[in-house]
Amino acid sequence: MSLDPVAVTPIRVARLLVGEDERLPVYVHLIDHPDGRILVDTGLTQLHPAVADMDPRLDALDRHDELDLGSITAVVNTHLHFDHCGGNHLFAGRPIYVQRQELEDARTLDDYTIPDWVDAPGVQYTAVDGEYELVAGVRLLPAPGHTRGSQIVVIETGEGPIVIAGDTAVWFGELDEPSTEGQRLILSLHPREVWFAHADEPWRPAD
């Protein structure tokens, strides 16, 4: 099933210091669907000593007056690194979909993420094993590479799929010359555009 028209809205929630003076944006993505509003990743909403060296500059979800957090019916975590799950607490009581492998790694591996942000009070995960249709025309697909349990979100449209990649690819060159299973999976879908968590614009295939 394809969804036309479909709107994927990027929302910048932070900037992180990488290198001496470069700031990397952090985006989450909102999918409006006839059956609800899906938020892909939640960014971060507070500072933490574990990531002080990245000097986060926050524009957290709960500061975006144009976004009604109460309208979000489901959340997807592409993976559980700190800059993708730090706003999960804002959606306590609503389903948060994550690959089971990712949830296990986040809870058991040292120096993987910020555990208190993963299991914040009231956060309820729906652990997914492999491919999962979230709503009609919107699928979750495991995409190992950045982490063992990373997943992507695929939205079917009449002009080709739109992919929300999280960190499966971080910069455009990683799709131009893929090196991981997840990156090769994205290209095999022949997407019309791919949204990254740390890029202002989507990647599109060369003509």
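Data for the structure
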read-out: Tally, over region 178-203, of residues that are of a type in the set (S, T, N, Q) and open to solvent by less than 40 Å² (accessible area, probe 1.4 Å); value: 2
read-out: Of all residues making up region 161-207, the number that are out of contact with any Phe, Trp or Tyr (no Cβ under 8 Å at 6 or more places or on another chain) and free of Cβ contacts under 8 Å to residues at least 60 places away in the same chain; value: 25
read-out: Region 10-21, subset open to solvent by 60 Å² or more (accessible area, probe 1.4 Å) and part of a strand (DSSP E or B), residue nearest to residue 159 (Cα to Cα); value: 12
read-out: Scope region 119-155; condition closer than 18 Å to residue 8 by Cβ and either open to solvent by 10 Å² or more (accessible area, probe 1.4 Å) or not hydrophobic (A, V, I, L, M, F, W, C) (or both); matching residues; value: 133, 134, 135, 136, 137, 139, 141, 151
read-out: Hey, residue 70 open to solvent by 10 Å² or more (accessible area, probe 1.4 Å) and either touching a Lys or Arg at 6+ places or on another chain (Cβ under 7 Å) or not hydroxyl-bearing (Ser, Thr, Tyr) (or both) or not; value: yes
read-out: Hey, residue 100 open to solvent by 10 Å² or more (accessible area, probe 1.4 Å) and within 16 Å of residue 123 (Cβ to Cβ) or not; value: yes
read-out: Residue 78 being surrounded by 22 or more Cβ atoms within 10 Å (Cβ to Cβ), in contact (Cβ under 8 Å) with a residue 12 or more places away in the chain, of a type in the set (Ser, Thr, Tyr) and within 20 Å of residue 203 (Cα to Cα); value: yes
read-out: Residues of region 158-177 satisfying the condition of being assigned to a loop (DSSP other than H, G, I, E, B) and either in contact with a helix residue (DSSP H, G or I) (Cβ under 7 Å, 6 or more places away or on another chain) or crowded, with 17+ Cβ neighbours inside 10 Å (or both); value: 161, 165, 166, 167, 168, 169
read-out: For residue 24: the one exception among (1) part of a strand (DSSP E or B); (2) over 19 Å from residue 153 (Cα atoms); (3) open to solvent by less than 10 Å² (accessible area, probe 1.4 Å); value: (3)
read-out: Residue satisfying all of: in region 27-45; modelled with pLDDT of 95 or more and part of a loop (DSSP other than H, G, I, E, B); farthest from residue 168 (Cα to Cα) among these; value: 45
read-out: Filter result for residue 108 (at pLDDT below 95, over 16 Å from the mean Cα position of the chain (by Cα) and of a type in the set (Ser, Thr, Tyr)); value: no
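The values are calculated or read from the model by the stated rules, or taken from the named source; none is laboratory data. None of the values given here were measured: they were computed from a predicted structure. A quick note on method: Cβ atoms are made from the backbone with ideal geometry, for glycine too, and the neighbour counts reach across all protein chains shown. Remember, those area values only see protein heavy atoms, side chains included, never the ligands or the DNA or RNA. Shrake-Rupley method; radii C 1.70, N 1.55, O 1.52, S 1.80 Å.
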